[in-house]
Amino acid sequence: MKKKMLAITLGAAMTASLLAGCGEKAPAPGQDGGTSAPAAAEETSGAGSAETKEAEAEGGDLSGDLVFAIWDNNLMDYIDENDMVGKFQELYPDANIEVEKIKDDSEYWNAMKMRASANQLPDVMFNKPFTLSRFKDYLLDLSDLEAAKNNELASGYAMDGKVLGVPMTAGYEYVFYWKDMFAEAGVEVPDTWQELQDAAAKLQEFYGQENPDFMAIALGAKDEWPDYPFMEFMPALESGNGQNWNDMAKVDEPFAEGTDINKAYHKANSLFTSGVFGKDPLGLGNDQVTTLFAQKEAAMIALGDWGLQNIQNGADDTAELGTFYLPVRDSESDPFRVIVQGDSFMGVTTHSKNPELAKAFVEWFYSENWYPGYIEYVTSASAMTTFPKEKDPVLAESDTAQPDMVLVMYDGGGDDFQAIQNETAFDYKKLGAEMFTDGFDLDGRLSELNEKWKAARQKLGIQ
């Protein structure tokens, strides 16, 4: 497969929250999943072997307590099922790990923000590409760890030459669809944006006649965040520029006519207002529409690779489940661009009382003692060169359909973008949800955002 790397950036996407005593285990958006780790994972050998043996020799020299804060339900399940703490203690018998599970990603970030101010961050925390800059002053440099050196994405997200987090997975975005439903309606997999709109309209008309609740595309706009494949990633796909948010911070009118974000949002608005998301997209959340899609009450749903297991868990049969990449291009002669990003960046905080033990835990997590089994358990792609993984056949269909795709490494935006974003209250997720409301004026909103953006740059002194 011929792939071209177009832009090296930082990433973006989910969120989570953690309040000091929170151990609630509720469904969380944007999770990886899986079933069971194959026995073969235990036999994996590679570049990590020497480091593992060295760690075994030195394990007894490190002791203390660690707090490891997560939001991922599937990771929590795997940790419980595979006795992560016990396995780590085989090498570090005097170490104790408390796994602090937070309800979901939104609460996670709120809690981490409060705990950073109170000097109470956990020893080991996760970040998203877009939160690395937010917590950069609270994260230790992990550049010297073998886990960072053997990670194919970590260096691309380095800040000021420092690797502040080691991404656990490489994330791709897909449109999941039911092949049999497409065939029955006489619809083919779309290859351009117009073909996607036409296919959705035909599916809605075909199945909506007998089922008034049918959705050609399931979204879950009640939660707002599920519109991210369109509102967050499409501007980067439109331009092939994974640094689009950072570049927006450099201009006064980034939403003007002719800009990538203007073109992308007009496409999204056209799709959102076409009726192909069912009769009440704002009345349903992500969990609801994922379940409905799994039961074939919808023909398509756009999710990351983490969504595969959620669909599998809710479906009676997935023999007809397929995927394709979101076709944003205008014609088949245009490049077919695909987003890729690192996800779940494990980092050690400056608040840790046992930083060397925390680093040893990160090293262990990405070693042959733990990572191969975990990455086989989840549906996401491996981020480690030492432990490659073939894609699930359902996800691999998208690669087969686009052998010449152009990869765009996505950055969720740095400090300047986030400062302006906060000042202007620009929230692409909320903006997408607003497109589903009656009377919404996209051009008026983009013009208003331009005025606020210019004023914010001047106020903040951002050039």
For the chain, the per residue accessible area (1.4 Å probe, Å²) is 40
At the level of C-alpha centres, the distance separating the stretch 67-88 and the stretch 379-451, in angstrom, is 28
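Run the helix sum for the chain: -39,500 (n - 2.57) per DSSP H stretch of 4+ residues, divided by residue count, reported at 222 nm to the nearest 500 deg cm²/dmol.
-11000 deg cm²/dmol
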Toy charge model, Lys and Arg Cβ at +1, Asp and Glu Cβ at -1: the chain dipole around Cα centroid in debye, rounded to 20, equals 1180
Taking Cα atoms only, Rg over Rh for the chain with Rh from the Kirkwood formula is 0.97
Each label sits 7 Å from Cα toward the beta-carbon; between THR437 and ASP160 the label points are separated, in nm, by 4.0
Plugging the Cβ-Cβ distance of ARG445 and ASP316 into 1/(1 + (r/R0)^6) at R0 = 30 Å yields, to the nearest 0.05, a FRET efficiency of 0.10
Residue-ordered couplings for the stretch 342-358, obtained by feeding phi - 60° into the Karplus form 6.51 cos²θ - 1.76 cosθ + 1.60 and rounding to whole Hz (Gly and Pro as x), are x, 9, 6, 7, 7, x, 9, 8, 6, 7, 5, 7, 10, x, 5, 5, 5
Here the relative contact order (percent) of the chain, from C-alpha pairs under 8 Å and at least 6 apart, is 30
With a 27 Å threshold on alpha-carbon distance, the violating pairs from LYS149/LYS430; LYS101/LYS359; LYS179/LYS391; LYS103/LYS430 are LYS149/LYS430
The distance between the Cα centres of the stretch 251-322 and the stretch 136-158, in whole Å, is 33
One finds, for ASP334 and GLU90 with R0 = 45 angstrom and r their Cβ-Cβ distance, a FRET efficiency to the nearest 0.05 of 0.25
With the dipole of the chain defined by +1 on each Lys or Arg Cβ and -1 on each Asp or Glu Cβ, the option from TYR157, LEU145, GLN341 whose Cα lies farthest towards the positive pole is TYR157
In whole Hz, the Karplus estimates of ³J(HN,Hα) for the stretch 270-277 (6.51, -1.76, 1.60; θ = phi - 60°; x where Gly or Pro) are 4, 6, 5, 9, 8, x, 7, 9
extent check for the stretch 348-463: Cα max minus min per principal axis, descending, whole Å, gives 54, 48, 27
With R₀ set to 60 angstrom, the calculated FRET efficiency between the beta-carbons of ASN211 and ASP144, to the nearest 0.05, is 0.55
A correct Karplus calculation of ³J(HN,Hα) over the stretch 406-419, with 6.51 cos²θ - 1.76 cosθ + 1.60, θ = phi - 60°, whole Hz and x for Gly and Pro, returns 9, 7, 10, 6, 8, 10, x, x, x, 4, 4, 4, 5, 5
Using a 1.4 Å probe on heavy atoms of the protein chains only, the accessible area for THR259 in Å², nearest 10, reads 40
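The values are calculated or read from the model by the stated rules, or taken from the named source; none is laboratory data. Quantities reported herein were computed from a predicted structural model and do not represent experimental measurements. All Cβ positions, even for glycine, are placed from backbone atoms using ideal geometry, and neighbour counts span all protein chains on display. These accessible areas exclude ligands, DNA and RNA; they are computed on the full protein's heavy atoms, side chains included. Shrake-Rupley method; radii C 1.70, N 1.55, O 1.52, S 1.80 Å.
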